[in-house]
Amino acid sequence: MVQNTVKEIVVIEDNFGDFILFEDFLIEKFDKSNIRHFTNFTNAANYLKESNIVSVVLLDLHLPDLSGMDLVNSVLLLCKNIPVIILTGYVDIGLARNCLSIGAADYLIKDETNPELFQKAILYSLDRHSFNKSIEKEKQNYEMLFNFSPQPMFLYDNQTRKILDVNNSAIINYGYEKEEFMQLKIENIEDSVNNFNSNNQDEESMPLNKDFFSERATHRLKNGQVISVETYKNEVEYNHQLATLMVCNNVTEKLQYLETIQTQNIKLKNIAWTQSHILRAPLTRMLGVLNLLETNSISEKELPFWLYQITLTAKELDTIISKIVNETETIT
């Protein structure tokens with residue numbers, strides 16, 4: 001339970017009568033918690049700098065050595081990981097509300113306090129503080145994943161299309177400084193977009209998860225070079241506005257390799273067609289003449305003619321074979 005994690009409650013209050021009342025309330029609801037009392041900011045600040053067991057701070061707005069917003073700002077600076085609850089009178093309610101905007105967890109009106117109100121305010125403040133810490137941790141994790149991803153990543157506004165953030169990889173690979181990116185829209189980077197059927201994608205180009213959708217696009221670098229990319233996009237909320245997170249995978253070399261393979265396949269098909277059609281005709285003629293010679297169907301008078309035909313056919317075969325060899329050598 002959260003209540004069991006309240007190790008120490010610091011009360012900064014210069015009115016001893018008010019403190020005695022608050023202490024009774026706290027003992028009733030937090031009997032296992034240590035309660036530490038300070039009557040001025042200086043002593044409280046010295047303790048808060050050294051202690052690591054404080055769970056929550058209850059702060060009066062007026063102390064002998066510091067008061068008002070200056071006091072609250074100073075205490076919040078010391079209590080970055082500790083919720084601070086303001087103790088105030090009716091005349092200072094406006095000031096107390098302003099304290100919430102700069103980081104105070106809650107405020108209590110002294111004349112309306114009771115044990116249940118103290119308990120509720122402290123536990124709710126601790127719950128909110130824990131929740132905010134988890135949100136901040138998730139934010140830090142996101143920023144680490146975003147900034148240290150080896151793939152370029154862009155975040156842009158869905159309506160204005162303005163680039164809101166980029167990671168280090170985008171800066172390195174696209175050639176722009178971060179400040180320059182912030183002046184651009186995504187259209188300044190993305191020349192064209194084509195959806196492609198996921199059924200035809202290979203394993204490397206499949207979406208990262210079901211929430212992402214894939215597109216193939218051409219992107220333009222700062223130096224004018226155009227590259228081919230596969231992009232994975234997902235709609236996210238960023239600073240209370242809808243944005244798109246885009247992860248880019250440069251597939252320029254991959255596509256060039258595939259194009260080379262396709263060209264080679266065409267050449268191989270042409271070679272195969274040459275072997276099966278063009279080469280077969282002169283070979284058939286030569287075999288026919290040889291068959292005539294073997295069967296003695298040629299007279300001595302006709303023999304020089306047919307031998308000449310064999311020579312011509314042999315030269316034709318040599319030319320065809322040389323062409324095949326040359327075409328084969330162009331396949332790398």
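The values are calculated or read from the model by the stated rules, or taken from the named source; none is laboratory data. Just so we're clear, the structure is a prediction, and the values are computed from it rather than from any experiment. A quick note on method: Cβ atoms are made from the backbone with ideal geometry, for glycine too, and the neighbour counts reach across all protein chains shown.
Here F146, F154, F131 are screened, and the one residue that is out of contact with any helix residue (DSSP H, G or I) (no Cβ under 7 Å at 6 or more places or on another chain) and over 30 Å from I35 (Cα atoms) is F146.
Which one of the conditions (1) touching a strand residue (DSSP E or B) at 6+ places or on another chain (Cβ under 6 Å); (2) under 30 Å from V72 (Cβ atoms) does I102 fail to meet, given that it meets all the rest? Unmet for I102, out of (1) touching a strand residue (DSSP E or B) at 6+ places or on another chain (Cβ under 6 Å); (2) under 30 Å from V72 (Cβ atoms): (1). Among the numbered conditions (1) surrounded by 13 or more Cβ atoms within 10 Å (Cβ to Cβ); (2) more than 21 Å from A44 (Cα to Cα), the only one that I135 does not meet is (1). Is at least one residue of region 42-61 under 19 Å from E112 (Cβ atoms), among the acidic types (D, E) and outside any helix (DSSP H, G or I)? Yes, that holds for at least one residue. Filtered by the rule that a residue be surrounded by 15 or more Cβ atoms within 10 Å (Cβ to Cβ), over 19 Å from I86 (Cα atoms) and among the β-branched types (V, I, T), region 1-54 gives no residues. Screening region 86-104 for residues that are touching a residue at least 24 places away in the same chain (Cβ under 8 Å) and in a helix (DSSP H, G or I) and picking the one that is nearest to H129 (Cα to Cα) gives C99. In region 134-161, the qualifying residues are those that are aromatic (F, W, Y) and without any contact (Cβ under 8 Å) to a residue 60 or more places away in the chain, and the one that is nearest to S55 (Cα to Cα) is Y142. Modelled with pLDDT of 75 or more and in a helix (DSSP H, G or I): is that true of Y308 in this structure? Yes, satisfied.
This table checks each residue for (1) outside any loop (DSSP other than H, G, I, E, B); (2) of a type in the set (A, V, I, L, M, F, W, C); (3) in contact with a Cys (Cβ under 8 Å, 6 or more places away or on another chain).
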| site | (1), (2), (3) |
| --- | --- |
| I9 | yes, yes, no |
| I20 | yes, yes, no |
| I27 | yes, yes, no |
| K32 | no, no, no |
| R36 | yes, no, no |
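All of E230, E253, E215, E237 fail the test of being within 17 Å of the chain's Cα centre (by Cα) and without any contact (Cβ under 8 Å) to a residue 12 or more places away in the chain, apart from E237. The residues on offer are F154, F146, F118, and the sole one that is assigned to a strand (DSSP E or B) and surrounded by 13 or more Cβ atoms within 10 Å (Cβ to Cβ) is F154. On the basis of being under 30 Å from L77 (Cα atoms) and either in contact (Cβ under 8 Å) with a residue 12 or more places away in the chain or among the charged types (D, E, K, R) (or both), does L164 make the cut? So L164 passes the test. In region 294-324, of all residues being more than 24 Å from K267 (Cα to Cα) and of a type in the set (G, A, S), the one that is surrounded by the most Cβ atoms within 10 Å (Cβ to Cβ) corresponds to A314. Scanning region 29-59 for residues that are modelled with pLDDT of 95 or more and among the charged types (D, E, K, R) yields a count of 1. Considering L71, L26, L76, the condition of being out of contact with any Ser or Thr (no Cβ under 8 Å at 6 or more places or on another chain) and within 16 Å of S125 (Cα to Cα) is satisfied by L76 alone.
Here F131 fulfils each of the conditions (1) without any contact (Cβ under 8 Å) to a residue 60 or more places away in the chain; (2) part of a strand (DSSP E or B) apart from (2). Tallying residues that are surrounded by 14 or more Cβ atoms within 10 Å (Cβ to Cβ) and either free of Cβ contacts under 8 Å to residues at least 24 places away in the same chain or not assigned by TED's automatic domain parsing to the domain that holds S130 (or both) within region 60-85 yields 1.
Output the residues belonging to region 279-305 that are part of a helix (DSSP H, G or I) and acidic (D, E). The one that is part of a helix (DSSP H, G or I) and acidic (D, E): E294.
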